Amino acid sequence: MDVMEKQALKENRLHGSHQFPLAAYMMGPIGPGAPVLDCHWHSEAELFYVTEGGVLMQIGGEYFPLRAGEAVFIDGGEIHAGYALEDLSCSYCAVVFDLDFLSSASFDAVQEKYISPLQERSRTLPRPITRDQAWGRSLLALIEWFMEVCCGEKPGYEIAAKGLLYLMLHDLTATDQLCNRSEREETSQMQFKLDRLKSVIGHMQLNYQRPIRISELAEQIPMSEGQFCRFFKAMTRQTPIEYLNAYRIRKAAELLEKPHAKIANVAMDVGFDHISYFVKVFRARMQCTPSEYRKRVQAGE
């Protein structure tokens, strides 16, 4: 896969700050059947916790059904997405953080025994995290506390957030639940599929501002148009057009935060030829019109 394509698929945002590289995101409620989380990856780790309803999480080639009160850990660099589970609406909290901020100032016992192996994925968090066993219930209690602390951002929350991550590592070490994903690789066939998926999504994200035909996307793999559409739907649970439009709407939402950007211009800038179709797709994705979205942003909602 071309380096530029891979970078296009990579999420391009700073989570937190350089001094404290951690950010929490509360999302929902998301209605039944609505897209939950577009396919993407980032170099930071992520704890994803369902607060309401259900989400089917895809990480690489694996799927994990999660219901309210359950979580999953995503190692940095893993491609992942979320889909509606059954006909449930859902809400979730995701905390994205750079593992380097857990590092010790010197190479002490904590760094050697726990943080370096975590960074190398030789002793990393299990997934999924459910209430089926005692260790899972204990870990989820810490995750709930962690989410509350990170989302609340009360004075001193940085100390609590870091401390809770250390407590999670302690509990998992004590119960021998840390797992080794450093040597685990996808099967060659699945890795081949994931590389193809990254390639075509990267092409979409590099060229979303202009018209893109299915034939052009199919050529990136290459496949026939029919084969490509079946492959893309099987890998992402979205059609290529659904994914492309979702990405365009995400970019449009960013542009709409600028108070003087005209809605018609925003539609053209993200690849929509007709404003009526843009408004229709935007409403379906965001549950409001572009003008309503702008008003919400300006009102600080």
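The values are calculated or read from the model by the stated rules, or taken from the named source; none is laboratory data. Computed from a prediction, not measured in an experiment: that's the story for all the values here. FYI the Cβ positions are ideal-geometry reconstructions off the backbone, even for glycines, and counts take in every protein chain you see.
Laid out as a table, the results:
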{"quantity": "Some residue of region 120-127 being buried (at least 19 other Cβ atoms within 10 Å of the Cβ), within 30 Å of Gln19 (Cβ to Cβ), basic (Lys, Arg) and touching a helix residue (DSSP H, G or I) at 6+ places or on another chain (Cβ under 8 Å)", "calculated": "yes"}
{"quantity": "Where Ala284 falls short, out of the listed (1) over 18 Å from Pro35 (Cβ atoms); (2) small (Gly, Ala, Ser); (3) not in a loop (DSSP other than H, G, I, E, B)", "calculated": "(1)"}
{"quantity": "Selection count, region 289-299, where residues are surrounded by 15 or more Cβ atoms within 10 Å (Cβ to Cβ) and of a type in the set (D, E, K, R)", "calculated": "1"}
{"quantity": "All helices (runs of 4 or more DSSP H) inside region 212-267 with 2 or more residues being within 13 Å of Phe278 (Cβ to Cβ)", "calculated": "240-256"}
{"quantity": "Failed item, numbered, when Gly53 is tested on (1) within 16 Å of the chain's Cα centre (by Cα); (2) over 18 Å from Leu178 (Cα atoms); (3) in a strand (DSSP E or B)", "calculated": "(1)"}
{"quantity": "Single residue of region 242-288 satisfying the filter (surrounded by 13 or more Cβ atoms within 10 Å (Cβ to Cβ) and among the hydroxyl-bearing types (Ser, Thr, Tyr)) that is nearest to Tyr208 (Cα to Cα)", "calculated": "Tyr247"}
{"quantity": "Condition check for Pro211: in contact (Cβ under 8 Å) with a residue 12 or more places away in the chain, farther than 28 Å from Leu85 by Cβ and not acidic (Asp, Glu)", "calculated": "yes"}
{"quantity": "Verdict on Ser91 being touching a residue at least 24 places away in the same chain (Cβ under 8 Å) and assigned to a strand (DSSP E or B)", "calculated": "yes"}
{"quantity": "Hits in region 223-241 - residues which are farther than 13 Å from Ile212 by Cα and either among the β-branched types (Val, Ile, Thr) or not assigned by TED's automatic domain parsing to the domain that holds Gln205 (or both)", "calculated": "Thr236, Thr239"}
{"quantity": "Set Glu52, Glu70, Glu62: member being charged (D, E, K, R) and free of Cβ contacts under 8 Å to residues at least 12 places away in the same chain", "calculated": "Glu62"}
{"quantity": "Residue match in region 191-207 (condition: part of a loop (DSSP other than H, G, I, E, B), free of Cβ contacts under 8 Å to residues at least 12 places away in the same chain and not hydrophobic (A, V, I, L, M, F, W, C))", "calculated": "no"}
{"quantity": "Complete set of residues in region 228-241 that are surrounded by fewer than 18 Cβ atoms within 10 Å (Cβ to Cβ), over 17 Å from Met190 (Cβ atoms) and of a type outside the set (Val, Ile, Thr)", "calculated": "Cys229"}
{"quantity": "Which listed residue, of Phe20, Phe101, is modelled with pLDDT of 80 or more and crowded, with 16+ Cβ neighbours inside 10 Å", "calculated": "Phe101"}
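Every residue, every condition in (1) farther than 23 Å from Val95 by Cα; (2) over 20 Å from the mean Cα position of the chain (by Cα), yes or no:
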residue: Leu142; (1), (2): no, yes
residue: Gly202; (1), (2): yes, no
residue: Glu219; (1), (2): yes, yes
residue: Glu225; (1), (2): yes, yes
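For every residue, the table says whether it meets (1) in the same structural domain as Cys93 (by TED's automatic domain parsing); (2) at positive phi.
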{"residue": "Ser116", "(1), (2)": "yes, no"}
{"residue": "Arg121", "(1), (2)": "yes, yes"}
{"residue": "Arg137", "(1), (2)": "yes, no"}
{"residue": "Arg196", "(1), (2)": "no, no"}
{"residue": "Gly202", "(1), (2)": "no, no"}
{"residue": "Gln205", "(1), (2)": "no, no"}
